[in-house]
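> Take a look at this one; I'll ask things after.
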Ligand SMILES: [Zn+2]
């Protein structure tokens, strides 16, 4: 046992995991909105037919977002995190980070 696989690397976040992650995100969100529509008597019942459409749309959006997610260390302070293509601020050093080609870049 010479090889260590303890430390996760960006390559560990495979395409399959990206698709599954996006689908799960879309499913959870659709279930939440869908059950909210069922519980509210004010929502017209025919509207519930929109839930499957919403599920497809949200899952697609989830996969699209996950597809480009970069995992790695902040270029400035080295904190490990996930960054989407929409960008976010590093929680440690407040640098504005964005995913580009599945790499974290500072902008
Ligand atoms: Zn940082």
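What follows is calculated from the coordinates using simple rules that are stated; it is not laboratory data. Here the structure is a predicted model, which is why all the values come from computation and not from measurement. Neighbour counts are summed over all protein chains in view; Cβ atoms, including those assigned to glycine, are modelled from backbone coordinates with ideal geometry.
> For the chain, what are Rg and Dmax over the alpha carbons, in angstrom?
Spelled out, the Cα radius of gyration and Dmax of the chain are 18.2, 63 Å.
> From the helices alone, meaning DSSP H stretches of at least four residues, give me the mean residue ellipticity at 222 nm for the chain, per-run term -39500 (n - 2.57), in deg cm²/dmol to the nearest 500.
-14000 deg cm²/dmol
> What does the extension gain come out to for residue 14 and residue 101, with contour length at 0.36 nm per residue minus their alpha carbon separation?
Contour length minus Cα-Cα distance gives 29.9 nm.
> Moving on to the next point. Sort 64, 49, 55 so that the residue with the fewest other Cβ atoms within 10 Å of its own Cβ comes first and the one with the most comes last.
49, 64, 55
> Continuing with this model, one more query. Going by how many other beta carbons lie within 10 Å of each one, how would you line up 19, 107, fewest first?
By the 10 Å Cβ count, ascending: 107, 19.
> Rounded to the nearest 0.05, what FRET efficiency do residue 85 and residue 48 have when you use their Cβ-Cβ distance and R0 = 41 Å?
According to the calculation, E is roughly 0.80.
> For region 19-68, what is Rg from Cα atoms divided by 2.2 N^0.38 Å, rounded to two decimals?
With N residues counted in region 19-68, Rg over 2.2 N^0.38 Å equals 1.22.
> Let me ask something else. Please give the length that would be gained between residue 64 and residue 38 if that part of the chain were fully extended, namely 0.36 nm times their separation in residues minus their C-alpha to C-alpha distance (nm, one decimal).
6.6 nm
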